[in-house]
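All of the numbers you see were taken from the coordinates with simple rules; none came from a lab. Note that the coordinates shown come from a computational prediction; the quantities given were computed from them, not determined experimentally. Note that each Cβ is placed from the backbone with ideal geometry, even for glycine, and that neighbours are counted across all protein chains shown.
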């Protein structure tokens, strides 16, 4: 079996066939329920033996909220408003320039 471990000896991946980049070969005893219970970091390699990680914490199903905060939303809205105002001013300045140019 090939296993990929991190610097804390937590088992991140394994395979029993083929290859696994950056892995080590493990030839020791494998727990009976290893394949059924396997999750990244659930097992660890300690003293050349695969054991359950006593510090394992189940990952949350809630994805991180990468959306903008309320303050960021306000700033984005203000920025859009300023851009619209600048475009309006430029448009009015062009109209004024055209009117002045047409009266000469």
Check your understanding: Roughly how tilted is helix 70-103, in degrees to the nearest 10 and between 0 and 90, from the longest Cα axis of the chain?
Key -> 30 degrees
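Quick check on the chain: helices-only [θ] at 222 nm, where DSSP H runs of length 4 and up contribute -39,500 (n - 2.57) each and the sum goes over total residues. Nearest 500, please.
Details: 2 runs with 38 residues, N = 104.
Rounded to the nearest 500, it is -12500 deg cm²/dmol.
Just want the ordering: 39, 4, 100, from fewest to most Cβ atoms lying within 10 Å of their own Cβ. Please report the intermediate quantities before stating the final value.
On the way: 39 12, 4 16, 100 9.
Going from sparsest to densest Cβ surroundings: 100, 39, 4.
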Practice item. Normalise the Debye intensity by I(0) for the chain, one equal point scatterer per Cα, no solvent, then take log10 at q = 0.18 Å⁻¹ and round to two decimals. Key: -0.90
Review point. Separation between the residue 47 and residue 8 pseudo-spin-labels, each 7 Å from Cα along Cα→Cβ, expressed in nm?
Key: 2.1 nm
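Test of understanding: what is the full-extension gain from residue 74 to residue 54, defined as 0.36 nm times their sequence separation minus their Cα-Cα distance? Walk me through the intermediate numbers first.
Working: separation 20, 0.36 × 20 = 7.20 nm, distance 4.50 nm.
So the chain would gain 2.7 nm between residue 74 and residue 54.
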